[in-house]
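Notes follow once the structure below has been shown.
The values are calculated or read from the model by the stated rules, or taken from the named source; none is laboratory data. The structure presented is a predicted model; accordingly, all values stated were derived computationally and were not measured. All Cβ positions, glycine included, derive from the backbone under ideal geometry; neighbour counts span all protein chains shown. With ligands, DNA and RNA removed, areas are computed over all heavy atoms of the protein, side chains included. Shrake-Rupley method; radii C 1.70, N 1.55, O 1.52, S 1.80 Å.
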Amino acid sequence: MSDMPQTEQTSEVPRHVAIIMDGNGRWASARGLPRLEGHRRGVEALRRTVRAAGDLGIGYLTIYSFSSENWSRPQAEITDLMGLLRRFIRNDLADLHKSGVRVRVIGERDGLAPDIARLLTEAEELTAGNTGLTLIVAFNYGSRQEIARATRRLLDEVTAGRIDPAQIAPETIGRFLDAPDVPDPDLIVRTSGEQRLSNFLMWQAAYSELVFMPVFWPDFDRAALEQAIAEYHRRERRFGGLVARTGS
Ligand code: FPP
């Protein structure tokens, strides 16, 4: 028997942080501004957060930037959000690349405007060899849709006779998700005070710590991220067992 302590170091940064960036609209209306201004300021908060995550040594940062359900918003707002994504990739990709950030995208690509689909692929290809922070952009993403995609891919393998249905385990399903090699999020943060997952990483969130913060996303900054991580460190993670574990 090892005489190592049975709990891991609690000061480790979470390896994977995922964020539901909520409250842009409420931030704007509280100031009598158009919702687009809230989203614009949301992009600035995103820049700050990516920098802070890299500085803190977080390995993976997943951001919920456009959900499968966001298509039900007014067309003008959808156009604004698509415009912000285009501008974010065009303006920030070179800097992200220079900082060693690897960009990955999860979500449904089919049906996106061709130039957006191209920009997403370009961001992934340009940064594929980077070894710093992995920024996972959940775009046109919904967890149920991702699980349906995984099921279709898995069934193709079953039909081709490469997978025996009797052998399907949770890990088998995990291999067909959009980013199968990425570790599950240790910490999921949602801003704006809402307390739900809204179809975000539901499979991967099985053992994630959930932290809900009253701050609207445009006001999020490094201090807020550190506060979320401090809360994560106060949690005991048992993964269904009896012994507490923290970190990865
Ligand atoms: C939630 O605020 C935010 C979104 C639906 C989109 C998140 C988008 C950004 C932070 C900017 C875009 C960034 C990229 C990379 C495209 P909400 O509009 O639901 O706010 P509300 O709940 O207060 O109305």
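In segment 44-84, what count of residues is obtained for those that are open to solvent by 20 Å² or more (accessible area, probe 1.4 Å), among the hydrophobic types (A, V, I, L, M, F, W, C) and closer than 25 Å to ALA205 by Cβ?
Total meeting the criteria: 3.
Would you confirm, using the coordinates I've provided, whether ASP80 is in contact (Cβ under 8 Å) with a residue 40 or more places away in the chain and over 29 Å from ARG235 (Cβ atoms)?
So ASP80 passes the test.
Going by the conditions given, is VAL182 open to solvent by less than 30 Å² (accessible area, probe 1.4 Å), without any contact (Cβ under 8 Å) to a residue 40 or more places away in the chain and either on the phi < 0 side of the Ramachandran plot or not in a loop (DSSP other than H, G, I, E, B) (or both)?
Taking the combined requirement at face value, the residue does not satisfy it.
Checking SER11 against (1) among the small types (Gly, Ala, Ser); (2) open to solvent by 10 Å² or more (accessible area, probe 1.4 Å); (3) modelled with pLDDT of 95 or more, only one condition comes out false. Which one?
(3)
Answer yes if at least one residue in segment 163-170 is in contact with a Gly (Cβ under 9 Å, 6 or more places away or on another chain) and not aliphatic (A, V, I, L, M), and no otherwise.
Filtering segment 163-170 down to residues in contact with a Gly (Cβ under 9 Å, 6 or more places away or on another chain) leaves none.
No, segment 163-170 contains no residue that is in contact with a Gly (Cβ under 9 Å, 6 or more places away or on another chain) and not aliphatic (A, V, I, L, M).
Can you name the condition, by its number, that ARG102 falls short on among (1) without any contact (Cβ under 8 Å) to a residue 40 or more places away in the chain; (2) surrounded by fewer than 18 Cβ atoms within 10 Å (Cβ to Cβ)?
With (1) without any contact (Cβ under 8 Å) to a residue 40 or more places away in the chain; (2) surrounded by fewer than 18 Cβ atoms within 10 Å (Cβ to Cβ) applied to ARG102, the lone miss is (2).
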